[in-house]
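See below for the structure under consideration.
The values are calculated or read from the model by the stated rules, or taken from the named source; none is laboratory data. For clarity, every value in this text was computed on a predicted model and none was experimentally measured. Cβ placement follows ideal geometry from the backbone for every residue including glycine, while neighbour counts extend to all protein chains displayed.
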(Lines give C-alpha, C1' and ligand atoms only; values in the text may rest on other atoms or scores of the structure.)
Protein backbone atom coordinates (compact mmCIF):
# COMPACT_ATOMS: atom_id res chain seq x y z
CA UNK A 1 0.00 0.00 0.00
CA UNK A 2 1.25 3.34 -0.92
CA UNK A 3 0.66 5.98 1.68
CA UNK A 4 0.45 9.55 0.44
CA UNK A 5 0.95 12.38 2.79
CA UNK A 6 -0.49 15.83 2.20
CA UNK A 7 2.12 18.39 2.78
CA UNK A 8 0.82 21.89 3.58
CA UNK A 9 2.54 24.71 1.84
CA UNK A 10 4.06 27.15 4.28
CA UNK A 11 4.20 29.67 1.47
CA UNK A 12 0.43 29.42 1.01
CA UNK A 13 -0.22 29.86 4.71
CA UNK A 14 1.94 32.94 4.80
CA UNK A 15 0.19 34.36 1.74
CA UNK A 16 -3.22 33.69 3.27
CA UNK A 17 -2.21 35.31 6.58
CA UNK A 18 -0.75 38.30 4.78
CA UNK A 19 -3.94 38.78 2.77
CA UNK A 20 -6.07 38.79 5.90
CA UNK A 21 -3.74 41.30 7.60
CA UNK A 22 -3.89 43.51 4.50
CA UNK A 23 -7.68 43.35 4.44
CA UNK A 24 -7.80 44.17 8.17
CA UNK A 25 -5.47 47.15 7.82
CA UNK A 26 -7.23 48.43 4.71
CA UNK A 27 -10.62 48.04 6.36
CA UNK A 28 -9.45 49.87 9.44
CA UNK A 29 -8.09 52.72 7.33
CA UNK A 30 -11.35 53.01 5.41
CA UNK A 31 -13.32 52.96 8.65
CA UNK A 32 -11.09 55.64 10.16
CA UNK A 33 -11.47 57.69 6.99
CA UNK A 34 -15.25 57.73 7.26
CA UNK A 35 -15.14 58.27 11.01
CA UNK A 36 -12.85 61.25 10.37
CA UNK A 37 -15.31 62.66 7.84
CA UNK A 38 -18.17 62.29 10.32
CA UNK A 39 -16.20 63.93 13.12
CA UNK A 40 -15.03 66.72 10.84
CA UNK A 41 -18.56 67.29 9.57
CA UNK A 42 -19.83 67.34 13.15
CA UNK A 43 -17.11 69.81 14.10
CA UNK A 44 -17.92 72.02 11.10
CA UNK A 45 -21.62 71.92 11.97
CA UNK A 46 -20.94 72.82 15.61
CA UNK A 47 -18.62 75.63 14.55
CA UNK A 48 -21.24 77.00 12.16
CA UNK A 49 -23.84 76.83 14.93
CA UNK A 50 -21.50 78.72 17.27
CA UNK A 51 -21.00 81.49 14.71
CA UNK A 52 -24.74 81.63 14.04
CA UNK A 53 -25.31 82.12 17.78
CA UNK A 54 -22.79 84.98 17.88
CA UNK A 55 -24.50 86.59 14.87
CA UNK A 56 -27.85 86.43 16.64
CA UNK A 57 -26.26 87.87 19.79
CA UNK A 58 -24.88 90.76 17.73
CA UNK A 59 -28.40 91.61 16.62
CA UNK A 60 -29.77 91.36 20.16
CA UNK A 61 -27.06 93.57 21.69
CA UNK A 62 -27.24 96.15 18.90
CA UNK A 63 -31.02 96.29 19.10
CA UNK A 64 -30.91 96.67 22.87
CA UNK A 65 -29.10 100.02 22.62
CA UNK A 66 -31.51 101.56 20.11
CA UNK A 67 -33.98 102.78 22.74
CA UNK A 68 -32.48 104.33 25.86
CA UNK A 69 -33.76 103.53 29.34
CA UNK A 70 -35.14 100.23 28.06
CA UNK A 71 -35.02 96.84 29.79
CA UNK A 72 -35.44 93.78 27.58
CA UNK A 73 -36.01 90.18 28.65
CA UNK A 74 -34.74 87.90 25.88
CA UNK A 75 -35.56 84.19 25.73
CA UNK A 76 -32.27 82.32 25.17
CA UNK A 77 -33.49 78.86 26.19
CA UNK A 78 -32.32 77.67 22.77
CA UNK A 79 -28.74 78.37 23.89
CA UNK A 80 -28.94 75.93 26.80
CA UNK A 81 -25.54 74.30 27.24
CA UNK A 82 -23.64 77.20 25.67
CA UNK A 83 -21.60 79.41 27.98
CA UNK A 84 -21.17 83.02 26.85
CA UNK A 85 -18.11 84.99 27.91
CA UNK A 86 -17.54 88.75 27.94
CA UNK A 87 -14.01 90.11 27.97
CA UNK A 88 -12.53 93.61 28.03
CA UNK A 89 -8.80 93.94 28.66
CA UNK A 90 -6.75 97.09 29.23
CA UNK A 91 -3.25 97.53 27.89
CA UNK A 92 -0.33 97.82 30.31
CA UNK A 93 -0.67 101.58 30.51
CA UNK A 94 -4.44 101.53 30.83
CA UNK A 95 -5.07 103.74 27.79
CA UNK A 96 -7.62 103.30 25.03
CA UNK A 97 -5.49 102.43 22.00
CA UNK A 98 -4.63 98.84 22.94
CA UNK A 99 -7.96 97.85 24.50
CA UNK A 100 -9.19 94.44 23.38
CA UNK A 101 -12.86 93.66 23.96
CA UNK A 102 -14.95 90.78 22.71
CA UNK A 103 -17.64 88.30 23.62
CA UNK A 104 -18.23 84.78 22.36
CA UNK A 105 -18.86 81.15 23.21
CA UNK A 106 -16.50 79.49 25.68
CA UNK A 107 -14.41 76.72 24.11
CA UNK A 108 -15.05 77.99 20.59
CA UNK A 109 -13.43 80.40 18.15
CA UNK A 110 -16.84 81.97 17.57
CA UNK A 111 -16.59 85.51 18.91
CA UNK A 112 -17.32 89.13 18.06
CA UNK A 113 -15.14 92.12 18.87
CA UNK A 114 -16.53 95.16 20.65
CA UNK A 115 -14.21 98.03 19.70
CA UNK A 116 -16.57 100.83 20.79
CA UNK A 117 -19.73 99.34 22.29
CA UNK A 118 -19.81 99.65 26.07
CA UNK A 119 -21.15 96.46 27.64
CA UNK A 120 -21.14 95.68 31.36
CA UNK A 121 -21.69 91.98 32.08
CA UNK A 122 -20.52 89.02 34.16
CA UNK A 123 -17.32 87.36 32.97
CA UNK A 124 -19.31 84.28 31.90
CA UNK A 125 -23.01 83.63 31.67
CA UNK A 126 -25.55 80.90 30.97
CA UNK A 127 -29.30 80.75 31.42
CA UNK A 128 -32.66 80.60 29.73
CA UNK A 129 -33.38 84.34 29.81
CA UNK A 130 -30.99 87.21 29.15
CA UNK A 131 -31.65 90.70 30.46
CA UNK A 132 -30.37 93.85 28.74
CA UNK A 133 -30.69 97.34 30.15
CA UNK A 134 -29.75 100.50 28.27
CA UNK A 135 -29.05 103.81 30.04
CA UNK A 136 -27.77 107.09 28.56
CA UNK A 137 -24.40 108.35 29.77
CA UNK A 138 -24.53 112.15 30.02
CA UNK A 139 -21.52 114.35 30.84
CA UNK A 140 -23.57 116.62 30.84
CA UNK A 141 -24.68 116.21 27.21
CA UNK A 142 -25.38 112.70 25.99
CA UNK A 143 -22.25 110.72 25.16
CA UNK A 144 -23.78 107.34 24.30
CA UNK A 145 -26.00 104.57 25.64
CA UNK A 146 -24.30 102.13 28.00
CA UNK A 147 -25.58 98.55 28.02
CA UNK A 148 -25.87 96.27 31.04
CA UNK A 149 -26.23 92.54 30.35
CA UNK A 150 -27.11 89.78 32.80
CA UNK A 151 -29.39 86.75 33.03
CA UNK A 152 -31.97 85.28 35.35
CA UNK A 153 -29.35 82.71 36.41
CA UNK A 154 -27.31 85.48 38.06
CA UNK A 155 -28.62 86.32 41.54
CA UNK A 156 -28.08 89.74 43.12
CA UNK A 157 -28.40 90.47 46.84
CA UNK A 158 -28.59 94.13 47.87
CA UNK A 159 -27.74 94.66 51.53
CA UNK A 160 -27.64 97.86 53.58
CA UNK A 161 -28.67 101.37 52.60
CA UNK A 162 -32.24 100.95 53.76
CA UNK A 163 -34.41 104.00 53.09
CA UNK A 164 -31.81 105.57 50.79
CA UNK A 165 -32.87 107.00 47.45
CA UNK A 166 -30.40 104.82 45.56
CA UNK A 167 -31.68 101.55 47.06
CA UNK A 168 -35.27 102.61 46.38
CA UNK A 169 -34.46 103.55 42.77
CA UNK A 170 -32.62 100.27 42.25
CA UNK A 171 -35.52 98.29 43.67
CA UNK A 172 -38.03 100.07 41.44
CA UNK A 173 -35.87 99.70 38.34
CA UNK A 174 -35.03 95.99 38.55
CA UNK A 175 -38.47 94.39 38.52
CA UNK A 176 -38.08 91.00 36.83
CA UNK A 177 -34.39 90.64 37.71
CA UNK A 178 -33.19 87.81 39.96
CA UNK A 179 -32.55 90.22 42.81
CA UNK A 180 -33.37 90.38 46.52
CA UNK A 181 -33.17 93.36 48.85
CA UNK A 182 -32.15 92.10 52.28
CA UNK A 183 -31.14 93.53 55.64
CA UNK A 184 -28.89 90.71 56.88
CA UNK A 185 -26.61 88.07 55.33
CA UNK A 186 -28.65 85.36 57.05
CA UNK A 187 -31.29 85.96 54.38
CA UNK A 188 -28.95 84.74 51.62
CA UNK A 189 -29.92 81.36 50.15
CA UNK A 190 -27.77 78.54 48.81
CA UNK A 191 -26.61 79.21 45.23
CA UNK A 192 -28.09 75.92 44.05
CA UNK A 193 -28.22 75.95 40.25
CA UNK A 194 -27.45 79.66 39.98
CA UNK A 195 -24.57 80.53 37.68
CA UNK A 196 -23.38 83.50 39.72
CA UNK A 197 -24.16 85.24 42.99
CA UNK A 198 -23.28 88.92 43.49
CA UNK A 199 -23.50 90.81 46.76
CA UNK A 200 -24.17 94.55 46.41
CA UNK A 201 -23.11 96.14 49.70
CA UNK A 202 -24.41 99.67 50.30
CA UNK A 203 -23.09 100.24 53.82
CA UNK A 204 -19.81 98.29 54.19
CA UNK A 205 -21.24 95.78 56.63
CA UNK A 206 -20.63 92.69 54.50
CA UNK A 207 -17.75 93.17 52.09
CA UNK A 208 -14.52 93.57 54.04
CA UNK A 209 -11.16 92.25 52.87
CA UNK A 210 -10.24 88.92 54.57
CA UNK A 211 -13.60 88.79 56.35
CA UNK A 212 -15.38 85.41 56.27
CA UNK A 213 -18.07 85.09 53.66
CA UNK A 214 -21.55 83.86 54.68
CA UNK A 215 -21.46 80.16 55.57
CA UNK A 216 -24.06 79.26 52.98
CA UNK A 217 -21.76 80.51 50.20
CA UNK A 218 -18.55 78.81 51.36
CA UNK A 219 -19.04 75.66 49.27
CA UNK A 220 -19.57 77.61 46.04
CA UNK A 221 -16.95 77.15 43.33
CA UNK A 222 -14.31 79.79 42.65
CA UNK A 223 -15.69 82.56 40.46
CA UNK A 224 -19.32 81.94 41.37
CA UNK A 225 -19.53 84.44 44.25
CA UNK A 226 -18.49 88.10 43.81
CA UNK A 227 -19.30 91.40 45.47
CA UNK A 228 -19.28 95.13 44.93
CA UNK A 229 -19.07 97.71 47.72
CA UNK A 230 -20.55 101.12 46.90
CA UNK A 231 -19.41 104.12 48.94
CA UNK A 232 -22.08 105.98 50.90
CA UNK A 233 -21.61 108.99 48.60
CA UNK A 234 -22.08 106.77 45.50
CA UNK A 235 -18.80 108.20 44.20
CA UNK A 236 -16.64 105.05 44.17
CA UNK A 237 -16.79 101.25 44.25
CA UNK A 238 -14.62 98.30 45.27
CA UNK A 239 -14.85 94.81 43.81
CA UNK A 240 -14.56 91.59 45.82
CA UNK A 241 -14.40 87.87 45.03
CA UNK A 242 -14.66 84.73 47.12
CA UNK A 243 -11.21 83.36 47.96
CA UNK A 244 -11.62 80.17 49.95
CA UNK A 245 -13.79 81.13 52.91
CA UNK A 246 -13.01 84.85 52.90
CA UNK A 247 -13.56 87.93 50.78
CA UNK A 248 -10.68 89.09 48.62
CA UNK A 249 -10.64 92.74 47.62
CA UNK A 250 -9.79 92.96 43.91
CA UNK A 251 -9.22 96.72 43.76
CA UNK A 252 -6.02 96.62 45.81
CA UNK A 253 -4.73 99.84 44.21
CA UNK A 254 -7.69 101.76 45.64
CA UNK A 255 -11.35 102.37 45.02
CA UNK A 256 -12.63 102.86 41.49
CA UNK A 257 -14.04 106.41 41.13
CA UNK A 258 -17.41 106.72 39.40
CA UNK A 259 -16.99 109.46 36.80
CA UNK A 260 -20.28 111.28 36.36
CA UNK A 261 -21.98 114.63 36.95
CA UNK A 262 -24.24 113.40 39.73
CA UNK A 263 -27.25 114.99 38.03
CA UNK A 264 -28.85 111.84 36.61
CA UNK A 265 -31.37 109.92 38.71
CA UNK A 266 -30.20 106.62 37.22
CA UNK A 267 -26.55 107.26 36.47
CA UNK A 268 -25.30 104.92 33.76
CA UNK A 269 -21.71 104.87 35.04
CA UNK A 270 -22.81 103.81 38.53
CA UNK A 271 -25.34 101.24 37.39
CA UNK A 272 -22.81 99.84 34.94
CA UNK A 273 -20.45 99.17 37.84
CA UNK A 274 -23.07 96.96 39.50
CA UNK A 275 -23.15 94.59 36.53
CA UNK A 276 -19.46 94.64 35.58
CA UNK A 277 -17.46 91.52 36.45
CA UNK A 278 -14.51 93.34 38.05
CA UNK A 279 -12.57 96.59 38.17
CA UNK A 280 -10.53 95.96 35.00
CA UNK A 281 -13.57 95.16 32.92
CA UNK A 282 -15.36 98.24 34.25
CA UNK A 283 -12.46 100.61 33.56
CA UNK A 284 -11.89 99.04 30.15
CA UNK A 285 -15.48 99.64 29.07
CA UNK A 286 -15.51 103.16 30.47
CA UNK A 287 -12.40 103.96 28.43
CA UNK A 288 -14.47 103.22 25.32
CA UNK A 289 -17.12 105.63 26.61
CA UNK A 290 -14.44 108.29 27.13
CA UNK A 291 -13.19 107.85 23.56
CA UNK A 292 -16.73 108.46 22.33
CA UNK A 293 -16.97 111.39 24.76
CA UNK A 294 -13.93 112.98 23.13
CA UNK A 295 -15.43 112.67 19.64
CA UNK A 296 -18.75 114.15 20.76
CA UNK A 297 -16.97 117.00 22.57
CA UNK A 298 -15.15 117.95 19.37
CA UNK A 299 -18.54 118.44 17.71
CA UNK A 300 -19.68 120.68 20.57
CA UNK A 301 -16.46 122.70 20.31
CA UNK A 302 -17.34 123.41 16.69
CA UNK A 303 -20.86 124.38 17.73
CA UNK A 304 -19.55 126.85 20.31
CA UNK A 305 -17.42 128.56 17.65
CA UNK A 306 -20.53 128.90 15.48
CA UNK A 307 -22.47 130.33 18.44
CA UNK A 308 -19.71 132.86 19.14
CA UNK A 309 -19.73 133.98 15.49
CA UNK A 310 -23.51 134.29 15.60
CA UNK A 311 -23.49 136.64 18.59
CA UNK A 312 -20.52 138.66 17.28
CA UNK A 313 -21.45 138.92 13.60
CA UNK A 314 -25.07 137.80 13.35
CA UNK A 315 -28.33 139.77 13.37
CA UNK A 316 -28.52 143.01 15.38
CA UNK A 317 -30.74 141.44 18.03
CA UNK A 318 -28.12 138.72 18.54
CA UNK A 319 -25.26 141.22 18.83
CA UNK A 320 -27.34 143.28 21.24
CA UNK A 321 -27.49 140.42 23.75
CA UNK A 322 -24.00 140.91 25.16
CA UNK A 323 -24.59 138.49 28.03
CA UNK A 324 -24.53 135.58 25.58
CA UNK A 325 -21.07 136.48 24.36
CA UNK A 326 -19.86 136.82 27.94
CA UNK A 327 -20.99 133.30 28.84
CA UNK A 328 -19.57 131.88 25.63
CA UNK A 329 -16.11 133.36 25.49
CA UNK A 330 -15.40 136.43 27.66
CA UNK A 331 -16.20 135.64 31.30
CA UNK A 332 -13.54 134.13 33.55
CA UNK A 333 -15.62 130.95 33.38
CA UNK A 334 -16.89 130.59 29.83
CA UNK A 335 -18.13 127.81 27.59
CA UNK A 336 -15.26 127.97 25.11
CA UNK A 337 -12.61 127.50 27.81
CA UNK A 338 -14.65 124.86 29.63
CA UNK A 339 -14.94 122.72 26.49
CA UNK A 340 -11.26 123.20 25.67
CA UNK A 341 -10.32 122.06 29.19
CA UNK A 342 -12.68 119.12 28.84
CA UNK A 343 -11.19 118.09 25.48
CA UNK A 344 -7.64 118.43 26.83
CA UNK A 345 -8.45 116.27 29.86
CA UNK A 346 -10.12 113.69 27.62
CA UNK A 347 -6.99 113.51 25.47
CA UNK A 348 -4.84 112.76 28.53
CA UNK A 349 -7.45 110.35 29.85
CA UNK A 350 -7.58 108.33 26.62
CA UNK A 351 -3.79 108.17 26.36
CA UNK A 352 -2.89 107.55 30.01
CA UNK A 353 -5.81 105.57 31.42
CA UNK A 354 -8.71 105.71 33.84
CA UNK A 355 -6.80 107.27 36.73
CA UNK A 356 -6.29 110.38 34.58
CA UNK A 357 -10.01 110.77 33.86
CA UNK A 358 -11.33 111.84 37.25
CA UNK A 359 -11.27 115.59 36.46
CA UNK A 360 -13.83 115.03 33.71
CA UNK A 361 -16.62 115.27 36.28
CA UNK A 362 -15.55 118.78 37.32
CA UNK A 363 -15.40 120.13 33.76
CA UNK A 364 -18.68 118.43 32.82
CA UNK A 365 -20.44 120.13 35.73
CA UNK A 366 -18.96 123.48 34.67
CA UNK A 367 -20.36 122.99 31.16
CA UNK A 368 -23.75 122.20 32.68
CA UNK A 369 -23.69 125.37 34.81
CA UNK A 370 -22.74 127.53 31.82
CA UNK A 371 -25.45 125.96 29.68
CA UNK A 372 -27.99 126.81 32.39
CA UNK A 373 -26.68 130.39 32.40
CA UNK A 374 -27.14 130.65 28.63
CA UNK A 375 -30.68 129.40 28.98
CA UNK A 376 -31.37 131.95 31.73
CA UNK A 377 -30.28 134.80 29.44
CA UNK A 378 -32.46 133.55 26.56
CA UNK A 379 -29.35 132.64 24.57
CA UNK A 380 -28.89 129.69 22.28
CA UNK A 381 -27.85 126.73 24.43
CA UNK A 382 -25.09 124.24 23.73
CA UNK A 383 -27.34 121.20 24.08
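Yes/no per residue for (1) part of a loop (DSSP other than H, G, I, E, B); (2) over 20 Å from the mean Cα position of the chain (by Cα); (3) at pLDDT below 95:
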| position | (1), (2), (3) |
| --- | --- |
| 150 | no, no, no |
| 156 | no, no, no |
| 181 | no, yes, no |
| 189 | yes, yes, no |
| 192 | yes, yes, yes |
| 209 | yes, yes, no |
| 229 | no, no, no |
TODO: Scan 299, 295, 274, 326 and give me the residue that is out of contact with any strand residue (DSSP E or B) (no Cβ under 8 Å at 6 or more places or on another chain) and either in contact (Cβ under 8 Å) with a residue 24 or more places away in the chain or surrounded by 15 or more Cβ atoms within 10 Å (Cβ to Cβ) (or both).
DONE: 326
Task: Unmet requirement for residue 109, which otherwise passes all of (1) farther than 24 Å from residue 262 by Cα; (2) crowded, with 19+ Cβ neighbours inside 10 Å - done: (2)
Open item on the list: Given the condition part of a helix (DSSP H, G or I), without any contact (Cβ under 8 Å) to a residue 12 or more places away in the chain and surrounded by fewer than 16 Cβ atoms within 10 Å (Cβ to Cβ), answer yes or no: does some residue in region 351-361 qualify?
Closed with: no
- [ ] Give me a count of the residues in region 211-227 that are on the phi < 0 side of the Ramachandran plot and either at pLDDT below 95 or part of a loop (DSSP other than H, G, I, E, B) (or both).
- [x] 9
TODO: Search region 64-77 for residues being modelled with pLDDT of 85 or more and surrounded by fewer than 12 Cβ atoms within 10 Å (Cβ to Cβ), and hand back the single one that is nearest to residue 115 (Cα to Cα).
DONE: 75
Open item on the list: Looking only at region 242-256, filter to residues that are buried (at least 17 other Cβ atoms within 10 Å of the Cβ) and under 19 Å from the mean Cα position of the chain (by Cα); which one of those is modelled with the highest pLDDT?
Closed with: 256
Open item on the list: I'd like to verify a number: residues in region 70-117 that are farther than 16 Å from residue 280 by Cα, in contact with a strand residue (DSSP E or B) (Cβ under 6 Å, 6 or more places away or on another chain) and either assigned to a loop (DSSP other than H, G, I, E, B) or free of Cβ contacts under 8 Å to residues at least 12 places away in the same chain (or both), how many?
Closed with: 5
Open item on the list: Suppose we keep only residues that are touching a helix residue (DSSP H, G or I) at 6+ places or on another chain (Cβ under 7 Å) and closer than 13 Å to residue 289 by Cα within region 142-152. Which one would you say is surrounded by the most Cβ atoms within 10 Å (Cβ to Cβ)?
Closed with: 146
Open item on the list: without any contact (Cβ under 8 Å) to a residue 12 or more places away in the chain and either crowded, with 17+ Cβ neighbours inside 10 Å or out of contact with any helix residue (DSSP H, G or I) (no Cβ under 9 Å at 6 or more places or on another chain) (or both): which single residue out of 226, 233 fits that description?
Closed with: 233
- [ ] Select from region 118-131 the residues that are within 12 Å of the chain's Cα centre (by Cα), surrounded by fewer than 21 Cβ atoms within 10 Å (Cβ to Cβ) and under 18 Å from residue 56 (Cα atoms) and list them in ascending order.
- [x] 124
- [ ] Restricting attention to region 215-227, report how many residues are under 19 Å from residue 184 (Cα atoms) and within 17 Å of the chain's Cα centre (by Cα).
- [x] 2
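Looking at region 232-288 only, could you name the residues that are assigned to a strand (DSSP E or B) and over 24 Å from residue 155 (Cα atoms)?
257
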- [ ] Scan 318, 343, 289, 338 and give me the residue that is buried (at least 16 other Cβ atoms within 10 Å of the Cβ) and modelled with pLDDT under 95.
- [x] 318
